[in-house]
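Worksheet for the structure shown next.
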Amino acid sequence: SGHPSGRVELDSISTKPPAHPLLRAREGKSAVEVLAHGVNDDDAMETDEKEPPHQSSGIINGLLANKPAAHPTQSKKEKVDILVRQSELKGVNLLRMPNGMGRRKSNTTKFNKKKGAITWKIELVFHPPANTPDEGKGESGPMGEKPLPKILKVESVAPESSTLFEELEKHLDVRPGNSTTRAALRTFATVPRESLALFIKRLPCSSVAPQYFRIDPNASLMESLKGKTIIEFPTIDVAMEVDMGSFPLFIGEIC
């Protein structure tokens, strides 16, 4: 209410900043609905700064804790995320991070409307075996040594019809310009492809006791992702078959 003198009471002016759309997710819609339908420019501001780990983890946990309504109400101003919609039609539960978050900004996954197909960005995380011979010694290192670091390789444009073996070959086979990459992945490049095991983490799952789906490397990428939940783009773990024990399978995968 206005002051008799025409001035506005300072106490009537809220200094509280507007809440982020994810924090308003409980106002009649889930967090996934907010992400899938987009937000207005006034609701969120993009930032070039890398998000703190706890912030990213909190948002991911929020995504996995909420499920989209079966029949969400959509206004004319809201825009359906075409990538989410097309992934859903192909059997993939795709969750999007908020605008400005690193995983969202780096995602090169696209839907080709003319072809009706998705080209995915995929991360390949190679897990070297713990008993890899020491360079130049030809024997295993001492017991208790730290595990070798994982090696991350990225495919920015992977057609949904391609197989994971085909994507792996880009890094493991002898090809022009990949000698450095192949040298780093020598342990994987010098063994039969059949001795490699591929996994994708089941979401949601406990961070202290993760579970995995084993992926058929001969199946198409779209077939491999069907029925899975992914955040922005898939991350595939690559290991030796002898190290399968490090990737406990989801109980539904155990025969």
Considering only segment 84-111, state which residues are more than 19 Å from Leu203 (Cα to Cα), part of a helix (DSSP H, G or I) and of a type in the set (Gly, Ala, Ser).
-> Gly102
All positions within segment 221-235 that are in a strand (DSSP E or B) and touching a Pro at 6+ places or on another chain (Cβ under 9 Å) | Thr229
From the list Glu160, Glu155, which residue is farther than 19 Å from Val125 by Cβ and open to solvent by less than 50 Å² (accessible area, probe 1.4 Å)?
-> Glu160
From the set of residues in segment 82-97 that are over 14 Å from Asn112 (Cα atoms) and in contact (Cβ under 8 Å) with a residue 40 or more places away in the chain, which is surrounded by the fewest Cβ atoms within 10 Å (Cβ to Cβ)?
-> Gly91
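Mind listing whichever residues of segment 188-234 are touching a residue at least 60 places away in the same chain (Cβ under 8 Å) and among the polar types (S, T, N, Q)?
Those that are touching a residue at least 60 places away in the same chain (Cβ under 8 Å) and among the polar types (S, T, N, Q): Ser220, Ser224, Thr229.
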Evaluate the following for Leu168: is it open to solvent by less than 50 Å² (accessible area, probe 1.4 Å) and either among the acidic types (Asp, Glu) or part of a loop (DSSP other than H, G, I, E, B) (or both)?
-> no
Go through segment 171-187 and give me each residue that's in a helix (DSSP H, G or I) and either open to solvent by 70 Å² or more (accessible area, probe 1.4 Å) or of a type in the set (Gly, Ala, Ser) (or both).
-> Ser179, Thr180, Arg182, Ala183, Ala184, Arg186
Hey, any hits in segment 239-247 for a residue that's at pLDDT below 95, part of a loop (DSSP other than H, G, I, E, B) and either hydroxyl-bearing (Ser, Thr, Tyr) or open to solvent by 20 Å² or more (accessible area, probe 1.4 Å) (or both)?
-> no
Scope segment 188-212; condition open to solvent by 50 Å² or more (accessible area, probe 1.4 Å), in a loop (DSSP other than H, G, I, E, B) and within 26 Å of Asn93 (Cα to Cα); matching residues = Arg202, Pro204, Ser206, Ser207, Val208, Ala209, Gln211
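The values are calculated or read from the model by the stated rules, or taken from the named source; none is laboratory data. Since the model is a prediction, treat every value here as computed from it, not as a measurement. Ideal geometry is used to build each Cβ from the backbone, glycine not excepted, and the neighbour counts take in all protein chains shown. Accessible surface areas use protein heavy atoms only, side chains included; no ligands, DNA or RNA. Shrake-Rupley method; radii C 1.70, N 1.55, O 1.52, S 1.80 Å.
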